[in-house]
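This report concerns only the one structure given below.
The values are calculated or read from the model by the stated rules, or taken from the named source; none is laboratory data. The structure presented is a predicted model; accordingly, all values stated were derived computationally and were not measured. Ideal geometry is used to build each Cβ from the backbone, glycine not excepted, and the neighbour counts take in all protein chains shown. These area figures cover heavy atoms from the full protein model, side chains too; ligands, DNA and RNA do not enter into them. Shrake-Rupley method; radii C 1.70, N 1.55, O 1.52, S 1.80 Å.
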Amino acid sequence: MSIILSDISKNFGRFSALNHINLEIPEGELVALLGPSGCGKTTLLRIIAGLEQADSGRVLLSGEDKTEQHVSRRGIGFVFQHYALFRHMTVFDNVAFGLRVKPKKIRPSTGDIHRKVHALLELVQLDWLHDRFPDQLSGGQRQRVALARALAVEPSVLLLDEPFGALDASVRKDLRLWLRSLHYELNVTSIFVTHDQEEAMEVASRVVVLNHGCIEQQGAPSEIYDHPANAFVSKFIGQTNVLQFDQQEGLLLPNTPPDGKSAHVRPHDIVLAKASNDDNAHAVLRDWQHLGALIRIELEKISPYHSGLSIFVEMPNEQFKQLALKKGDKVTLQIQRAHWFH
Amino acid sequence: MKRHSIMPGFAPSLGFTVVYLSLVVLIPLSTLVVTSFGLSFSEYLKIITHARVLASFKVSFTASLFAAFCAGLIGFVIAWVLVRYPFPGKKLFDALIDLPFALPTAVAGIVLATIYQPSGMLGRILMQQFGLQVAYKPLGIVFALIFISLPFVVRTLEPVLQEFDTAMEEAAASLGASRIKVFIHIILPNLFPAMLTGFALAFARGIGEYGSVIFIAGNLPYVSEIIPLMIITKLEQYDVPGATAIALTMLVISFLLLLVINLLQRWVRIRSGQV
């Protein structure tokens, strides 16, 4: 089901949480709402769900205006950050809840509920825990029960609030990939909120970057990484060196620097070479760290204007070995690609 | 072999607990039992099956159970309002709840009797509109007991309501449950153990209450005499064995009732995985 948000605004007292948000999400997408904490992403998700009312604007699900509808009638599935499992019910009863509270006319029979709940628990690989209580489960298991419970009512939209936020790193990695494959299996339009850009890039088919209650950019993960729309997105997504250049230093750039703007350069877009003499050196090598397949090199720029500025460069291990650099070596830089922002 | 526990100081703290319990609870209560042993079993039966005594047992237990039930409902609503809604003067309102704790119960009894007697401020209205007399009737006892036991219910439920995860309610709503269904299936089951505790406390408080009740009850034999009053009456006639016999019986019944409530609570907790 497609989602259209038009001109959504929300204030908490004098704090403006969302500012004229317009967003269109086509059917079947897996969308990440990404932004730093306090940017309004969770509020936006809760407005789509109907758990929060927008001060102005409309929420359309499948072309139908649902702005005034109560959360229980929107046909959405919501997975809460801390799962919000019913702690007085077993795993089975938790998942069955949405089916059992349906009005009598459309409520499935006990046998159908039984079959459906077990099928869902199998889907999330937890059928063997069906008679446990939430307090007896691990974080990852609770998360999957919460997901099964939300899916039981066959929602047309699945909304997840920081779905991996409370899990430890290894469980999180597994669940991310699992959620992604589950999404393609079920093909439910899904939106999840995260502050972790890596998570957004890895899981989502489409990323919406929010900051201070406004949408900064939206698009496919590669699009956002390769063509950031502004300085915020460029700094927030991935690693970026922000460099100021004057005309004389233009030599190491692919194009002449526009006036008054700074260059945003990805660490892997800088080519490093040992300087043949002190005169043409651009930077001094300070330190490096192993990041697995890549090496991150920390340089200090030599410049009469901005001394002491750190620049980070990344390159594959092999390439770094061939350069045979030591700490304190002088190097030249060649920047291959830069984005210019104020 | 000596077993070591992680928590140090088991022996002194257990010793302290036993000494304290003995001095304050066990020795006085066992004196009660011992004194009543001065009676033969037939004498004991004769005292407690006396029609006036039986009537007072009935008055005390029905009034206390009914009052605890009412206090449970009213207290739940008050706790709910205090926790869930912000409103001006909330802090003051909150402080007022504890007043019955601090007030001498006799004062409460006299005030309630004055207001609810047929010519009193509220008593007159009740009398004229509904033909209902509160003071000097068993209903008066219930009113006094509700007043006395309300803070127990409110203060038991408040922290549980405060810690209640409202995301559970939102989750239930997102799954299609109406407000009523959320309340019945999510809120009530989670609060039930605390409501039982509040009920038990209110009941225990009510069964032993003396000061406020005697002023409003009218103390008519067979109608509105409570057990504590029966005990005092016996004592005033220097009938100590008779007083202890009644006291012991009351103690045993109260203990059994509280035990049943506790078992019920345990059963609820186990059934809902909250152990």
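Taking a temperature of 10 °C and a viscosity of 1.306 mPa s, what whole-number D in µm²/s does Stokes-Einstein yield for the stretch A:1-68 with Rh from Kirkwood over alpha carbon pairs? Using the Kirkwood radius from Cα pairs, D works out to 130 µm²/s. What's log10 of I(q)/I(0) for the stretch A:21-166 at q = 0.14, 0.15, 0.16 Å⁻¹, Debye sum over Cα points only, no solvent? Debye output, listed in q order: -0.73, -0.83, -0.93. Its Kirkwood hydrodynamic radius, worked out from the mean inverse distance over all distinct Cα pairs, puts the stretch A:162-216 at 12.1 Å. Between the Cα long axis of helix A:169-186 and the first principal axis of chain A there is an angle of about 60°, rounded to the nearest 10. Against the empirical 2.2 N^0.38 Å (N residues), chain A has a Cα radius of gyration ratio of 1.23. Selection among B:Pro159, A:Leu325, B:Ile115 by position relative to the dipole of the protein assembly as shown gives B:Ile115 as farthest towards the positive end (Cβ unit charges, Cα centre). Between the helical axis of A:139-152 and the longest alpha-carbon principal axis of chain A there is an angle of about 50 degrees.
Derived scalar couplings between HN and Hα for the stretch B:235-252 equal 5, 5, 8, 6, 9, 5, x, x, 4, 5, 4, 5, 4, 5, 4, 4, 4, 5 Hz in order, rounded to whole Hz, by the Karplus curve 6.51 cos²θ - 1.76 cosθ + 1.60 (θ = phi - 60°), x for Gly and Pro. Here is the list for the stretch B:1-108: trypsin sites (Lys or Arg not before Pro) lying in DSSP coil, each with at most 16 other C-beta atoms within 10 angstrom of its C-beta, are B:Lys2, B:Arg3. The Rg/Rh ratio of the stretch B:156-239, with both radii computed over alpha carbons and Rh defined as the Kirkwood radius, is 1.31.
Report the rotationally averaged projected area of the stretch A:114-155 based on its alpha-carbon convex hull, in square nanometres.
Mean shadow area of the hull around the Cα atoms is 2.8 nm².
If you look at the Cα atoms of the protein assembly as shown, you get an Rg and a Dmax of 36.1, 118 Å.
For A:Lys235, a cut-off of 19 angstrom between C-alpha atoms picks up these lysines, skipping any fewer than 8 places away in its own chain: A:Lys41, A:Lys261.
In straight-distance terms, cross-link reach from A:Lys321 covers every one of the aspartates and glutamates whose alpha-carbon lies under 17 Å from its own, apart from those fewer than eight places away in the same chain; here that gives A:Asp287, A:Glu298, A:Asp329. Only Lys, Arg, Asp and Glu carry charge here, each on its Cβ (+1 for the first two, -1 for the last two); on that basis chain B has a dipole of about 360 debye about its Cα centre.
Just to be sure I understand: of the beta bridges DSSP finds with both ends in the protein assembly as shown, what percent are antiparallel, rounded to 5? Roughly 70 percent of the beta bridges in the protein assembly as shown run antiparallel, per DSSP.
Against the main long axis of the alpha-carbon atoms of chain A, helix A:110-123 sits at an angle near 20°. With protein chains left intact and a 1.4 Å probe, residues in chain A average 46 Å² of accessible area per residue.
A 1.4 Å probe run over the protein chains yields, for the stretch B:46-167, 53 Å² of accessible area per residue, whole-number rounding. Candidate cross-link partners of A:Lys326 among the lysines, defined by an alpha-carbon separation under 17 Å and a same-chain spacing of 8 or more, comprise A:Lys274, A:Lys301. Summed over both chains, the contact between B and A buries some 1900 Å² of accessible surface at a probe radius of 1.4 Å. In summary, the stretch B:128-275 shows an alpha-carbon radius of gyration equal to 1.39 times the 2.2 N^0.38 Å reference for compact globular proteins.
How large a share of the accessible area of chain B, in percent, is made up of carbon and sulfur atoms when the probe is 1.4 Å and the other protein chains stay in place?
73
Counting only protein heavy atoms and using a 1.4 Å probe, what share of the accessible area of the stretch A:3-236 belongs to carbon plus sulfur, as a whole percent? It is 48 percent, rounded to a whole number. Inter-label distance, A:Arg107 to B:Ile27: 6.1 nm, where each label sits 7 Å from its Cα along the C-beta direction. Shielding by partners for peptide B:183-192, expressed as the average number of C-beta atoms from other protein chains within 10 Å of each residue's C-beta, is 2. Answer rounded, prolate or oblate for the stretch B:1-133, using the Cα gyration tensor with square roots of eigenvalues a ≥ b ≥ c: rounded when a/c is under 1.5, else prolate when a/b is larger than b/c, else oblate. Oblate, because a/c is 1.5 or more while a/b does not exceed b/c. Only lysine pairs 8 or more places apart or on separate chains count here, and in the stretch A:66-201 those with Cα atoms under 25 Å apart total 6. Checking buried surface per residue: for the stretch B:237-275, which residues lose a minimum of 40 Å² accessible area in the protein assembly relative to the chain alone (1.4 Å probe)? Buried by the other chains: B:Ser272, B:Gly273. Just check the stretch B:1-43 against the gyration tensor rule for me: Cα atoms, a ≥ b ≥ c as the square roots of the eigenvalues, rounded for a/c under 1.5, and otherwise prolate or oblate depending on whether a/b exceeds b/c. Taking the square roots of the gyration eigenvalues as a ≥ b ≥ c, the stretch B:1-43 is prolate.
Descending by average beta-carbon neighbour count within 10 Å, the peptides A:316-328, B:233-245, B:123-135 line up as B:233-245, B:123-135, A:316-328, the highest first. Taking only the Cα atoms of chain B, the ratio Rg/Rh comes out at 1.04, with Rh defined as the Kirkwood radius. With a 10 Å cut-off around each Cβ of A:98-104, the average count of Cβ atoms from other chains is 4.
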